[in-house]
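Chemist: Once you've had a glance at the structure underneath, I'll fire off some questions.
The values are calculated or read from the model by the stated rules, or taken from the named source; none is laboratory data. All values reported here derive from a predicted model rather than from experimental measurement. For neighbour counting, all protein chains shown are included, and Cβ atoms are generated from backbone atoms with ideal geometry for every residue, glycine included. All accessible areas refer to the heavy atoms of the entire protein, side chains included, with ligands and DNA or RNA removed. Shrake-Rupley method; radii C 1.70, N 1.55, O 1.52, S 1.80 Å.
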Amino acid sequence: MEFSHIPVLFDETIDSLDIKANGLYVDCTCGGAGHSSEILRRLDKGHLIAIDRDPDAIEVIKERIGNDPRVETVHDSFNNIKAIMADRKADGILADLGVSSFQLDNPDRGFSFHSDAKLDMRMSKKGKSAYDVVNNYSYEELANILFKYGEEQFARKIAKNIVESREESPIETTLQLAEIIKMSYPAKFRRNGHPARKSFQAIRIEVNDELSTLAEAVEDMFSCLRASGRLSIITFHSLEDKTVKEKFREFTQGCTCPKDFPVCVCGKKPRGKIINRGLTAKENELSENQRSRSARLRTIEKID
């Protein structure tokens, strides 16, 4: 199976994990095994847990590095990391929250507005699809999703046109939907990138429930670290990044007593320290991989 994925911020991410040869590491979104392969290359007697909810990704990682006795592959969502880890503690955990190049470029997966395919967008290949969202959600639900998850200024116009179009016949393909979105945009706004980008992002987030459980998942990832372990998360849009940033800030917060208290009575101490506050791609990477333009890497280290 050809599963292509170009990891963004590759060197920065690997360096941020401060990999120890005999440590335990978790790649929560192993995808095409880009990060996983490099982590494994730096291990001696260490162990790697490679997780992905996409069954295609699991097959690929089994083909590429799954025969290595140091690798454990897990077909599951990183939302379940506490159950996956059981009583184990990791020296480093990585989560790349982006859609893989394979998912975007494979028309059969229905993620992209650049090629015609059945509306799908399911990372796990299970549950509700983009077709279900587009054809069954109410006007208000669609408008809210497009505005909240896509930050789409023409959300109501797009939702209105979707509802009117599906009354004539179901919206079945990516290009059908992309054309409806395009025609919902005033002509002068169609020059600023593809009009469907934000709406497709919003629908994908809704289909895969990417935001509602993210804060809890970040908390669980952090709890699975041993002292001095590091958590690195790559985000691709502002809503993801805001959630990760706020959770990391929470982990680093110490005393919350009023400033006029002579001594601390709350007893709250920081649980982590920030290693980087949001690295972005450099010019050479941006020129080679346009998908890196929105990527941001944040890393935190757990402390006693």
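Chemist: Taking the Cα atoms only, what angle lies between the long axis of helix 139-150 and the longest principal axis of the chain, rounded to 10 degrees?
Modeler: 40
Chemist: Related question: Helix 238-252: angle to the longest alpha-carbon principal axis of the chain, degrees 0 to 90, nearest 10?
Modeler: It works out to around 20 degrees.
Chemist: May I pose another question? Can you find, among Ala130, Ile203, Phe261, the residue farthest towards the positive end of the dipole of the chain? Put +1 on the C-beta of Lys and Arg, -1 on that of Asp and Glu.
Modeler: Positive-most Cα among the choices belongs to Phe261.
Chemist: Rounded to the nearest percent, how much of the accessible area of region 25-102 (1.4 Å probe, protein heavy atoms only) is carbon and sulfur?
Modeler: On the way: 1260 of 2930 Å².
Its accessible area is 43 percent carbon and sulfur atoms.
Chemist: Give me, ordered by chain and number, the residues 5 or more places off Leu24 or on other chains with an amide H under 5 Å from its own placed amide H.
Modeler: Counting only residues 5 or more places away or on other chains, the set is His47, Asp91, Gly92.
Chemist: Would you please give the FRET efficiency between Arg197 and Lys273, computed as 1/(1 + (r/R0)^6) with r the Cβ-Cβ distance and R0 = 45 Å, to the nearest 0.05? Kindly include the intermediate steps, with their values, before the conclusion.
Modeler: Values: r = 36 Å, r/R0 = 0.80.
After rounding to 0.05, the efficiency reads 0.80.
Chemist: Here's a follow-up. Lys and Arg at +1, Asp and Glu at -1: add these up for the other residues within a Cβ distance under 14 Å of Lys148 and post the number.
Modeler: Values: positive: Arg156, Lys198, Arg204, Lys242; negative: Glu140, Glu141, Glu151, Glu152, Glu206, Asp209, Glu210, Glu240.
Neighbourhood net charge equals -4.
Chemist: Between Ser169 and Ala86, what is the label-point separation in nm under the 7 Å Cα-to-beta-carbon projection?
Modeler: It is 5.4 nm.
Chemist: With labels modelled as points extended 7 Å from the Cα through the Cβ direction, what inter-label distance (nm, one decimal) is found for Lys125 paired with Asn161?
Modeler: The two pseudo-label positions are separated by 3.4 nm.
Chemist: Expressed as a whole number of Å, what is the distance separating the alpha-carbon centroids of region 243-301 and region 148-164?
Modeler: 33
Chemist: If you don't mind, another one. Rounded to the nearest 500, what is the chain's calculated 222 nm mean residue ellipticity when only DSSP H runs of at least 4 contribute -39500 (n - 2.57) each, over all residues? It would help to have the intermediate numbers written out before the result.
Modeler: On the way: 13 runs with 122 residues, N = 304.
Result for the chain, helices only: -11500 deg cm²/dmol.
Chemist: On to the next question. Can you tell which of Leu286, Leu177, Leu225 shows the greatest fluctuation in a Gaussian network model of the chain with Cα springs below 10 Å?
Modeler: It is Leu286.
Chemist: Right, next: Residue by residue, what Karplus-based ³J(HN,Hα) values in Hz, rounded to whole numbers, does region 267-272 have, using 6.51, -1.76 and 1.60 with θ = phi - 60° and x for Gly and Pro?
Modeler: Values per residue, Gly and Pro as x: x, 7, 10, x, 9, x Hz.
Chemist: Angle, helix 155-168 long axis vs. longest principal axis of the chain, Cα atoms, 0 to 90°, nearest 10?
Modeler: That works out to roughly 50 degrees.
Chemist: A further question follows. Express in Å², to the nearest 10, the accessible area of Thr256 obtained by rolling a 1.4 Å probe over the protein heavy atoms while all chains stay in place.
Modeler: Around 80 Å² of this residue is reachable by solvent.
Chemist: Another question, then. In the structure shown, do any of Lys20/Lys302; Lys89/Lys247; Lys125/Lys182; Lys157/Lys242; Lys160/Lys182 have a Cα-Cα gap over 23 Å, and if so which? Spell out each step's value before the answer.
Modeler: Details: Lys20/Lys302 15 Å; Lys89/Lys247 20 Å; Lys125/Lys182 27 Å; Lys157/Lys242 27 Å; Lys160/Lys182 13 Å.
Result: Lys125/Lys182; Lys157/Lys242 exceed 23 Å.
Chemist: Can you give the FRET efficiency for Glu288 and Glu216, using 1/(1 + (r/R0)^6), R0 = 41 Å, r = Cβ-Cβ distance, to the nearest 0.05?
Modeler: Values: r = 35 Å, r/R0 = 0.85.
Approximately 0.70, to the nearest 0.05.
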